[in-house]
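One structure below.
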Amino acid sequence: MRTVLIVEDERDIREVLRRYLERAGISVLTAATGAEALQLVETIRPDLVLLDLGLPDIDGSEILATVSGSTPVIVLTARSDTVDRIAGLRQGAEDYVVKPFSPTEVVLRIEKVLARSGRPGLPQSVDATFGGGLLRIDEARHHASMADHELALTPHEWAVLVALASDPGRVFSRRELVEHASGYTFEGYERAIDTHIKNLRRKLGPEGQRVIETVVGFGYRLGIAADG
């Protein structure tokens, strides 16, 4: 599942876009200020940023210039002048949507950008060590060990661990993790993922909390880097 960060100071617009994107199977994060947006981009590393230029604290053009080099950005703004649109595109925006807009159109534009330039999905196989050999995962052999002790994992625990290990440091939402574990979301999925994480940490032992970190309000990430 792809993650989109909506940066918009008007709550009603944020919530409308959230509903439409989630219906399209896209995970959504939101920010009402530029400062919050920059923190989320650094911490969560979304697949795309939907950016309103008229923010209360930081001009959206500054955020665009900062973010567009590493993350696709679609600009969402009331500035309809051709000069403004060209300037935004020259700064690195992938697309430009002028208010008022159709939420369905915004979703289609997002899907188009993700299809051509988004982050690739999970690798075919994770075969690596992490934390100086502390954690070892060989997906092809369906084998994982912690401090040289083999881990006996359930299928869901295994899927969650492999997902986190596919991109160390990236924060995965609970919805994303349950998609990897079950292939679909369901009522109560947040509680289910929390249970899987709790069991995984217990099996990982004393270092479990360090290996799988909680990012409050967002989800979980692998807290140790891949070796090499």
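Of the trypsin sites (Lys or Arg not before Pro) found in region 141-179, those in coil by DSSP whose Cβ has at most 14 other Cβ atoms within 10 Å are Arg141.
Here the contact order of the chain, divided by its residue count and restricted to Cα pairs under 8 Å and six or more residues apart, works out to 15 percent. Taking 29 Å as the straight-line reach from the Cα of Lys112, the lysines in range (excluding those fewer than 8 positions away in the same chain) are Lys99. Dividing the summed -39500 (n - 2.57) terms of all DSSP H runs of n ≥ 4 by the residue count of the chain sets its mean residue ellipticity at 222 nm at -12500 deg cm²/dmol. How would region 127-222 be classified by its alpha-carbon gyration tensor: rounded, prolate or oblate, with rounded meaning a/c under 1.5 and the a/b versus b/c comparison settling the rest? Verdict is prolate for region 127-222. Relative to the compact-globule estimate of 2.2 N^0.38 Å, the Cα radius of gyration of the chain comes out at 1.11. Take the Cα coordinates of region 3-117, assign each an equal point scatterer, and use the Debye formula without solvent to give log10 I(q)/I(0) at q = 0.16 Å⁻¹. With no solvent term, the Cα-only Debye profile gives -0.64.
Values quoted throughout were computed directly from the atomic coordinates according to the rules given, and no laboratory measurement underlies them. These numbers were taken from a predicted model, which means no experiment stands behind them. Using ideal geometry, Cβ is built from the backbone for each residue, glycine included, and neighbour counts are taken over all protein chains shown.
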